[in-house]
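The values are calculated or read from the model by the stated rules, or taken from the named source; none is laboratory data. Here the structure is a predicted model, which means the values were calculated and not measured. Note that each Cβ is placed from the backbone with ideal geometry, even for glycine, and that neighbours are counted across all protein chains shown. The accessibility values were calculated without ligands, DNA or RNA, using every heavy atom of the protein model including side chains. Shrake-Rupley method; radii C 1.70, N 1.55, O 1.52, S 1.80 Å.
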Amino acid sequence: MFVAYPYYYYKILDVIGQLFPVFSLHGYTAHMQHPYDPTTTEAKWQKKWEEEKVYSVDLKKAKKPYYAHVMFPYPSGDKLHVGHWYNFGPADSFARFQRMQGYDVFTPMGFDAFGLPAENYAIKTGIHPDASTKKNVETMIKQLKRIGCMYDWDKMVNTSNPEYYKWTQWLFLQMFKNGLAYKKLGNVNFCPSCQTVLANEQVWEGKCERCETEVIQKPLEQWFWNTKKYAQQLLDGLKDLDWPNKTKIMQENWIGRNEGVNIHSKIKDLGDEFEVFDSVPQTFMAQTFTVIAPEHPLVAKLVKGTKYEKGVMAFVAKIKKLKATEKYKFDEHVEGIFTGRYVDNPFGTGDLPIWVASFVVMDYGTGIVHCSAHDTRDFAFAKKYDIPLRAVMLPEDPKEAEKVKNLEYCYAKAPEGIMQKPDVFKGRRWGEVREDIIKHMGKLGIAKPTVQYRLRDWLLSRQRYWGAPIPIVYDPEGNAHPVPEKHLPWVLPTDVEFKPKGESPLRLSKEFIARTEKIFGKGWRPEFDTMDTFVCSSYYSLMYLGAQNKKGKYTQRDLNEGSLVDPELEKKWMPVSMYIGGPEHACMHLIYARFVMMALKDFGFVSHSEPFKKLVHQGLITNKGAKMSKSKGNVVSPDSFVDQYGADVFRMYLMFMGPFTDGGDWSDTGIKGIVRFVQRIHGVLTEKSKKKFEDSPKVQATLHKTIKKVTEDIQALHFNTAIAALMELLNLIEKEEAVSQETARIIALLLAPMAPHLAEELWSVLGGKKFAIEQSWPTFDPALIKEDTMTVVVQINGKVRGDLIVASDASKESILKAAKELPNVQKYLTGAIKKEIYVPGRLVSLVV
RNA sequence: GCCGGGGUGGCGAAAUGGUAGACGCGAGGGACUUAAAAUCCCUUAUCCCGAAAUGGAUAUGUGGGUUCAAUUCCCACCCCCGGCACCA
């Protein structure tokens, strides 16, 4: 029955719409026009995918393995933010595309669940990290499912789960057994007010992030893994990886290979011998003094019982404090003090006074450096403290040479510089003598070629609760012993106090100590520190493969199987074919994971030495130019957009913003364009497609061009232009009276990687069998791309003066002739034609 | 300081030697409507001439160069972003 609604009825709807945008008429009427409702449709397909286990992969039976996963998230209590969607959505679109290309794509998901935030939350609220983490994981799975990714949830991992961390501990034991784990004194950042150890990220300009108390350095016995041993292999392996160049260069710099010599030296009177690293040995004859790091253990010995002792030790204490409390500004803090000792000079140029200098790095080389006039920093230091200098390399220009001789300025690293000493090299260029000098020093028996790396060993002890306990126990004499494998998982105790007491929380667990004494004997103590969470994430790609189906439930392998992963599966699936995540992990996670893989290979557990064959970094999404963060309060939540427009629209909008690897600044103004696209394409394909309809040649050609472009663009992760191509195709089809069902189905499949729910809906409405994601990717016919005519542009002296529409098979001659006959071209053809260029199918260029 | 990546309409962007600005947003005009929203159609880099045009000029951070032709290649400079930073 027809009802005429009075005017105020619409007015009320309008007002409601303005007050509650979620119920706005805009959404309502859009729905009326093109009845596609993302909310119910997306839920429907997600349910079907799950019921039919469409994304479950049989790792053993798969024939064409393709392993793709993203950097697994931390299960925070906050909702998924735009950054997660920006990372996971496109990564999933690529995985879907690969699947339709015929690969057995395995895309698992997991949680990097150990770590500081849960522990801080526990300190604040008293809620146990295990409880909050479990809850967060649960809600996060629900949120992740809403994106519509093809994750194989059966193989999910959670690093805080004992059945996962037993393997983290097993990994530690392997490192220990193979001599790659050792213990030594290391400094930690400590906040005296919070009574807690701080991670480097928690130290802000030398102050505690939370209470702004000055952080101090506290020496503690800590566990290290010997990453340095793999420095060269980590460097060499880079060249075969399909990684962003930028990331490779960052790792290269981080590893910091540096060739040079070790100069053998001896301390006068004391007789102690040591090596000094020098990467610029050409000017060794210029060395006039020696500097040693304040932290160097030899310093105390040098000054013991001398008149210098008091002053030097005070200086050392001062520098140590300075380094702990301030972001050390090297140009402001170049300081030093003489020790009263000399190096027995090996070159016969006079003894070298030994100074303690603030700028010497303890961890690089040997912590002792010979200094000369040909290094800007050494030069400045010597000038400041009136230490004698000597120049052994001079510029060609006599005037400048005189200045350098008189030490008026520092002449350093100059390839054209002329050597003065040693005498056998006199007159030769600095840039050419390096190798010869090294040989010369070798013959004299004073130096040997050597290589130094900047990479440090991995300090993995954390004085924290929420992590995997280090599986080590100490006998009553304090000697370390590994916990036998049969006691793994070496369970993280629960009877602890989270409020920091200035030491590792595990010390306060009575159960932990009682357990240790019961198993190992009276007076034995467990290691109270836990492992860096980067250990957990260093091998998780292998753990996804280690998931085993036991009585219908997936669990990790048992320890008695001897290895974290079935060697057959490892051989088949590793390395990860496509790994997607943020660039912030370039020098941490991505180095640790490579190191662990190399070590596992050497131990004989895996067959590959590199974990990630191809790596891609998604760009960063900012808000008003700033990184989104809780503290800044500028985090954009995707939820309201997803509620209103659906996951497909939100995913596609993020992809359409620009290139995937670029990121960009958040703005919601353009999302309407994708909303319209989704509504229109659904409307056109469902309402205008006809079974018996012949598409025009124009439509045919454009369709095949689009297949080509979308295929190439997704392959290259250029989702923005892939979507643009589909829009162009839609714009064309919209003008036609109808579209063939055949074509409509192809378009549905082209949409499947980027808008998986919409594609399934269209596929089923258009009479497709099974799921769209199970179909093979459309192929294009090059013959159909070719059109009958083409447009050729005519340029005179590089300027466009007209265009021609000619038959595609027209000859060069006929095109040139036609070009010259264009009225607007004739206007400019005043003189003789000097040159004629024809670029097939593109342009004619005439020079007059 | 060193290493890396960028700079194109009002905005997100496209084009990697061949018609600069595809595609989308926004904006302006129109249709439908009592009205609005939604939807649909047209216009939209800037400037000049003109009744109009497939008319002209200028334009991809700045200045030079190579080329018939440069956002694209080369040289110098300016600015922005990211990383490392006492490494002998």
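Within the stretch A:350-361, can you find the residues that are within 7 Å of RNA strand B (Cβ to nearest atom) and open to solvent by 10 Å² or more (accessible area, probe 1.4 Å)? A:PHE359, A:VAL361, listed by residue number. In the stretch A:464-482, the qualifying residues are those that are in contact with a Phe, Trp or Tyr (Cβ under 8 Å, 6 or more places away or on another chain) and farther than 15 Å from A:TYR182 by Cα, and the one that is surrounded by the fewest Cβ atoms within 10 Å (Cβ to Cβ) is A:PRO476. Within the stretch A:787-802, residues that are touching a residue at least 12 places away in the same chain (Cβ under 8 Å) and on the phi < 0 side of the Ramachandran plot reach partners that are near RNA strand B (Cβ under 9 Å from one of its atoms) and among the acidic types (Asp, Glu) with beta carbons closer than 9 Å, at six or more positions or on different chains, in the pairs A:THR791/A:ASP803; A:VAL792/A:ASP803; A:VAL793/A:ASP803; A:VAL794/A:ASP803.
Filter the stretch A:553-585 for residues that are more than 16 Å from RNA strand B (Cβ to nearest atom) and open to solvent by 50 Å² or more (accessible area, probe 1.4 Å) and give the result. Listed by number, the residues that qualify are A:LYS553, A:TYR554, A:ASP558, A:ASN560, A:GLU561, A:PRO567, A:GLU568, A:LYS571, A:LYS572. In the stretch A:722-741, the residues that are within 7 Å of RNA strand B (Cβ to nearest atom) and among the hydrophobic types (A, V, I, L, M, F, W, C) form Cβ pairs under 9 Å with partners that are open to solvent by less than 10 Å² (accessible area, probe 1.4 Å) and assigned to a helix (DSSP H, G or I), at six or more places apart or across chains, as follows: A:ILE723/A:MET652; A:ILE723/A:MET655; A:ILE723/A:ILE674; A:ILE723/A:PHE677; A:ILE723/A:VAL710; A:MET727/A:PHE677; A:MET727/A:ILE681.
Residues are listed down the side, and each one gets a yes or a no for (1) assigned to a loop (DSSP other than H, G, I, E, B); (2) at positive phi:
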{"residue": "A:LEU590", "(1), (2)": "no, no"}
{"residue": "A:ARG594", "(1), (2)": "no, no"}
{"residue": "A:ALA599", "(1), (2)": "no, no"}
{"residue": "A:PHE605", "(1), (2)": "yes, no"}
{"residue": "A:HIS608", "(1), (2)": "yes, no"}
{"residue": "A:GLN618", "(1), (2)": "yes, no"}
{"residue": "A:GLY633", "(1), (2)": "yes, yes"}
{"residue": "A:VAL636", "(1), (2)": "yes, no"}
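The set of residues from the stretch A:586-605 being more than 16 Å from RNA strand B (Cβ to nearest atom) and surrounded by fewer than 23 Cβ atoms within 10 Å (Cβ to Cβ) comprises A:MET598, A:LYS601, A:ASP602, A:PHE603, A:GLY604, A:PHE605. Within the stretch A:709-720, the residues that satisfy the criterion of being in a helix (DSSP H, G or I) and surrounded by fewer than 16 Cβ atoms within 10 Å (Cβ to Cβ) are A:GLU712, A:GLN715. Against the definition (open to solvent by 40 Å² or more (accessible area, probe 1.4 Å), under 23 Å from the mean Cα position of the chain (by Cα) and not β-branched (Val, Ile, Thr)), how does A:MET543 come out, yes or no? For A:MET543, the condition - open to solvent by 40 Å² or more (accessible area, probe 1.4 Å), under 23 Å from the mean Cα position of the chain (by Cα) and not β-branched (Val, Ile, Thr) - is not met. The listed residues are A:ASP529, A:ASP495, and the only one of them that is surrounded by fewer than 18 Cβ atoms within 10 Å (Cβ to Cβ) and at pLDDT below 95 turns out to be A:ASP495. Evaluating A:LYS323 against the criteria (1) open to solvent by less than 10 Å² (accessible area, probe 1.4 Å); (2) within 11 Å of RNA strand B (Cβ to nearest atom) leaves one unmet condition, (1). Each residue in the stretch A:467-510 was checked for being without any contact (Cβ under 8 Å) to a residue 60 or more places away in the chain, of a type in the set (S, T, N, Q) and either in contact with a Leu (Cβ under 7 Å, 6 or more places away or on another chain) or under 16 Å from A:ILE123 (Cβ atoms) (or both), and 1 pass. Selection of the stretch A:839-848 for residues being more than 6 Å from RNA strand B (Cβ to nearest atom) and surrounded by fewer than 17 Cβ atoms within 10 Å (Cβ to Cβ) yields A:PRO840, A:GLY841, A:VAL848. Suppose we keep only residues that are in contact (Cβ under 8 Å) with a residue 60 or more places away in the chain and within 8 Å of RNA strand B (Cβ to nearest atom) within the stretch A:646-675. Which one would you say is farthest from A:GLU584 (Cα to Cα)? Only one residue fits best here, namely A:VAL675. Checked against (1) among the hydrophobic types (A, V, I, L, M, F, W, C); (2) in contact with a Ser or Thr (Cβ under 8 Å, 6 or more places away or on another chain); (3) assigned to a helix (DSSP H, G or I), A:LEU804 passes all but condition (3).
Within the stretch A:362-387, the residues that satisfy the criterion of being open to solvent by less than 60 Å² (accessible area, probe 1.4 Å) and more than 11 Å from RNA strand B (Cβ to nearest atom) are A:ALA373, A:PHE379, A:ALA382, A:ILE387. What pairs come up if the first residue lies in the stretch A:550-563 and is more than 13 Å from A:GLN169 (Cα to Cα), the second is at pLDDT 95 or above and among the aromatic types (Phe, Trp, Tyr), and their beta carbons are under 7 Å apart, counting only those six or more places apart or on different chains? Final answer for the pair search is A:GLN556/A:TYR164; A:GLN556/A:TRP167.
Residues of the stretch A:578-588 that are modelled with pLDDT of 95 or more and under 19 Å from A:LEU234 (Cα atoms): A:TYR579 alone. Being assigned to a helix (DSSP H, G or I) and hydroxyl-bearing (Ser, Thr, Tyr) is the filter here, so list the residues in the stretch A:135-153 that pass it. Of everything in the stretch A:135-153, just one residue is assigned to a helix (DSSP H, G or I) and hydroxyl-bearing (Ser, Thr, Tyr), namely A:THR139. Any residue that is acidic (Asp, Glu) and either outside any loop (DSSP other than H, G, I, E, B) or within 8 Å of RNA strand B (Cβ to nearest atom) (or both) - is there at least one of those in the stretch A:817-830? Checking the stretch A:817-830: at least one residue is acidic (Asp, Glu) and either outside any loop (DSSP other than H, G, I, E, B) or within 8 Å of RNA strand B (Cβ to nearest atom) (or both).
Filtered by the rule that a residue be within 30 Å of A:PHE274 (Cα to Cα), assigned to a loop (DSSP other than H, G, I, E, B) and polar (S, T, N, Q), the stretch A:438-485 gives a lone residue, A:ASN479. Listed by position, the strands (runs of 3 or more DSSP E) contained in the stretch A:186-290 that have at least 1 residues being over 30 Å from A:PRO500 (Cβ atoms) and either in contact (Cβ under 8 Å) with a residue 40 or more places away in the chain or in contact with an Asp or Glu (Cβ under 9 Å, 6 or more places away or on another chain) (or both) are A:258-266, A:273-278. Taking the criterion of being more than 20 Å from A:ALA414 (Cβ to Cβ) and touching a residue at least 24 places away in the same chain (Cβ under 8 Å), the residues of the stretch A:382-392 that qualify are A:LYS384, A:TYR385, A:ILE387, A:PRO388. One residue alone among A:GLU836, A:GLU787 is more than 22 Å from A:GLN700 (Cβ to Cβ) and either in contact with a helix residue (DSSP H, G or I) (Cβ under 8 Å, 6 or more places away or on another chain) or more than 16 Å from RNA strand B (Cβ to nearest atom) (or both), and that residue is A:GLU836.
Might you let me know whether the stretch A:393-412 holds any residue that is surrounded by 16 or more Cβ atoms within 10 Å (Cβ to Cβ), within 16 Å of RNA strand B (Cβ to nearest atom) and in contact (Cβ under 8 Å) with a residue 40 or more places away in the chain? Yes, that holds for at least one residue.
Got at least one residue in the stretch A:157-175 being touching a residue at least 24 places away in the same chain (Cβ under 8 Å), more than 30 Å from A:LYS553 (Cα to Cα) and surrounded by 15 or more Cβ atoms within 10 Å (Cβ to Cβ)? Within the stretch A:157-175, one or more residues are touching a residue at least 24 places away in the same chain (Cβ under 8 Å), more than 30 Å from A:LYS553 (Cα to Cα) and surrounded by 15 or more Cβ atoms within 10 Å (Cβ to Cβ).
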